[in-house]
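S.K.: Have a look at this one.
The values are calculated or read from the model by the stated rules, or taken from the named source; none is laboratory data. No experiment lies behind these values; they were computed from the predicted model shown. FYI the Cβ positions are ideal-geometry reconstructions off the backbone, even for glycines, and counts take in every protein chain you see.
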Amino acid sequence: MDLTNRNSNISNISYVPTGEASRSRSFIANVFLLMFLALGVSALFAWQFSVNEQLMAYLVSPTGLTGLGKITLFAPLGFVLIMSFAYQRLSSTALMLLFMAYATINGISFSFILMAFTPGSVLGCFLSASAMFGVMAVMGYTTNQDLTKFGRILMMGVIGVLIAMVINYFLHSSQLDYIISIIGVMVFTALTAYDVQKLKRIGEGVEYQGGVAGNDVKKMSILGALTLYLDFINIFLFLLRMFGNRRG
């Protein structure tokens, strides 16, 4: 889930000077470039581990998950927490390495998904998630409507989904799982528009200078990419929970 800090105190952008608009476009372009790079890394490792029995043997043994298999399932949360809460103390290089390591571990864990669901349903949900994410990203970037007022509501939605998922872990209700998935898709598609607008506004205020300021811009780009990566992944996973066809 999206655990990065969200700042709702962002100024109105109904009028943006040319210089600020140019900085914003450069910042957003870099954020999306890093996000797509991370998605590519995840997809590559997910595919490699799902089709290579020797690699999969490192994750699963005849008796169950191996040590590495357990790490791949639980380590991603740790990476997100480290990147979010140690942001100020990490350099941009260290943050980037953590981001790529996170994308790699996440991709390895996704290999279980590729093995559990049919390729057609995985592709269909991926394309649907891409379309939904793209539409909401464009909406968030182009709208003049202030979306910051929805930030608290959306975060409450994320927390509610997490609590419901924990409860349903014990209830094993397929109906509740379907409802959770619907709400999850709605929350994270809305978060996509909210996050893109937030990043656009952050980009309008950055100073492209050398030294500390330049390093801070790079770190903000990486955390922005992480935020959008998490939005997209959650949309995809919730769609897969609803529409994915499991292998027979």
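S.K.: Any residue at all in the range 177-198 that's touching an Asp or Glu at 6+ places or on another chain (Cβ under 7 Å), in a helix (DSSP H, G or I), at pLDDT 95 or above and aliphatic (A, V, I, L, M)?
M.R.: yes
S.K.: Could you tell me whether Y87 is modelled with pLDDT under 95, touching a helix residue (DSSP H, G or I) at 6+ places or on another chain (Cβ under 7 Å), closer than 29 Å to R201 by Cα and among the hydroxyl-bearing types (S, T, Y)?
M.R.: Yes; evaluated as a whole, the condition is true for this residue.
S.K.: If I filter the range 127-136 for residues that are buried (at least 16 other Cβ atoms within 10 Å of the Cβ), aliphatic (A, V, I, L, M), modelled with pLDDT of 95 or more and farther than 29 Å from R247 by Cα, do I get at least one hit?
M.R.: Yes - at least one qualifying residue is present in the range 127-136.
S.K.: Might you check whether a residue that is within 30 Å of Q145 (Cα to Cα), among the aromatic types (F, W, Y) and either at pLDDT 85 or above or touching a Ser or Thr at 6+ places or on another chain (Cβ under 7 Å) (or both) occurs anywhere in the range 23-35?
M.R.: yes
S.K.: Moving to a separate point now. For the structure I just gave you, tell me whether L81 is surrounded by fewer than 19 Cβ atoms within 10 Å (Cβ to Cβ) and at pLDDT below 90.
M.R.: It is true that L81 is surrounded by fewer than 19 Cβ atoms within 10 Å (Cβ to Cβ) and at pLDDT below 90.
S.K.: Could you check the range 238-248 and list, in sequence order, the residues that are touching a residue at least 60 places away in the same chain (Cβ under 8 Å) and either assigned to a helix (DSSP H, G or I) or of a type outside the set (G, A, S) (or both)?
M.R.: Matches in the range 238-248: L239, L240, R241, M242, F243, N245, R246, R247.
S.K.: Residue check: is G184 within 30 Å of M56 (Cβ to Cβ), surrounded by 17 or more Cβ atoms within 10 Å (Cβ to Cβ) and free of Cβ contacts under 8 Å to residues at least 60 places away in the same chain?
M.R.: Yes.
S.K.: Let me ask something else about it. So which of L123, L147 is surrounded by fewer than 19 Cβ atoms within 10 Å (Cβ to Cβ) and out of contact with any strand residue (DSSP E or B) (no Cβ under 8 Å at 6 or more places or on another chain)?
M.R.: Matching residue, one of L123, L147: L123.
S.K.: All but one of (1) of a type outside the set (V, I, T); (2) under 28 Å from S24 (Cα atoms); (3) within 19 Å of the chain's Cα centre (by Cα) hold for D146; state the number of the condition that does not hold.
M.R.: Just one mismatch for D146, condition (3).
S.K.: Go through (1) of a type in the set (V, I, T); (2) exposed (fewer than 14 other Cβ atoms within 10 Å of the Cβ); (3) closer than 17 Å to N30 by Cα for V196 and report which single condition fails.
M.R.: (2)
S.K.: Pairs only if they're at least six apart or on different chains, beta carbon under 8 angstrom, first in the range 152-167 and within 13 Å of I180 (Cβ to Cβ) and in a helix (DSSP H, G or I), second modelled with pLDDT under 95 and not aliphatic (A, V, I, L, M); list them, first residue then second.
M.R.: So the pair list comes out as V158/D2.
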